[in-house]
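This report refers to the structure that appears directly beneath it.
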Amino acid sequence: MSEPNAETRILHAIRAIPRGQVAGYGEVARRAGLPGRARLVARILGQNEDPDLPWHRVLRSDGRIAFPEGSRGWREQSQRLRAEGVRVEKGRVRGLKAARDLDEVLWGPSR
DNA sequence: GAAATGACAGACC
DNA sequence: GGGTCTGCCATTT
């Protein structure tokens, strides 16, 4: 019981994202202690069934939604982000860079 | 057991 | 800003 499973840690990292904030897959994976497992994060999100999981706050490193533009998930995610005050333009999300800056302040400079 | 697939990331042009 | 290529990891066929 040294440490929880990777899936648990990833889910925890995602749930730790503050409202109105966004994070990239690699970012989440790194925070979960699994650098390079961005793909694992994506798989977890695709298999997750937790309605309380802020999956819509997870974006690609480019700051773009991981879904194809016009897709159901794409629309839902963009709408949810907008509802949280996140600026979304054609699948492009503004604030990821700024969020990164705040990241070190909010989550802790220990990195 | 190898090849293909996927809600990815970083480097390069 | 945008397109291409490679690397990585886990699951599925």
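The values are calculated or read from the model by the stated rules, or taken from the named source; none is laboratory data. What you see is a predicted model, and the numbers here were worked out from it, not measured in a lab. Ideal geometry is used to build each Cβ from the backbone, glycine not excepted, and the neighbour counts take in all protein chains shown. These area figures cover heavy atoms from the full protein model, side chains too; ligands, DNA and RNA do not enter into them. Shrake-Rupley method; radii C 1.70, N 1.55, O 1.52, S 1.80 Å.
Taking other residues whose beta carbon is less than 13 angstrom from the beta carbon of residue A:50, and scoring Lys, Arg as +1 and Asp, Glu as -1, yields -2. Taken per residue, the accessible surface of chain A reaches 67 Å², heavy atoms only and a 1.4 Å probe.
Taking every alpha-carbon pair in the range A:38-78 and binning the separations at 5 Å intervals from zero gives 5, 23, 31, 30, 10, 0 percent. Relative contact order, whole percent, for chain A stands at 24, derived from Cα pairs under 8 Å and 6 or more residues apart. Protection proxy ranking, highest mean first, for peptides A:63-72, A:10-19: A:10-19, A:63-72, where packing is the per-residue count of other beta-carbon atoms within 10 Å, averaged.
For the range A:6-106, state the average projected area of the convex hull of the C-alpha atoms over all orientations, rounded to one decimal in nm². Walk me through the intermediate numbers first.
Values: hull surface 23.3 nm².
That works out to 5.8 nm², a quarter of the Cα hull's surface.
Size descriptor for the range A:1-43, Kirkwood hydrodynamic radius: 10.3 Å (Cα pairs only, one decimal). Among A:49, A:76, A:89, determine the one that fluctuates most according to a GNM of chain A built with springs between C-alpha atoms less than 10 Å apart. Highest fluctuation among the options: A:49.
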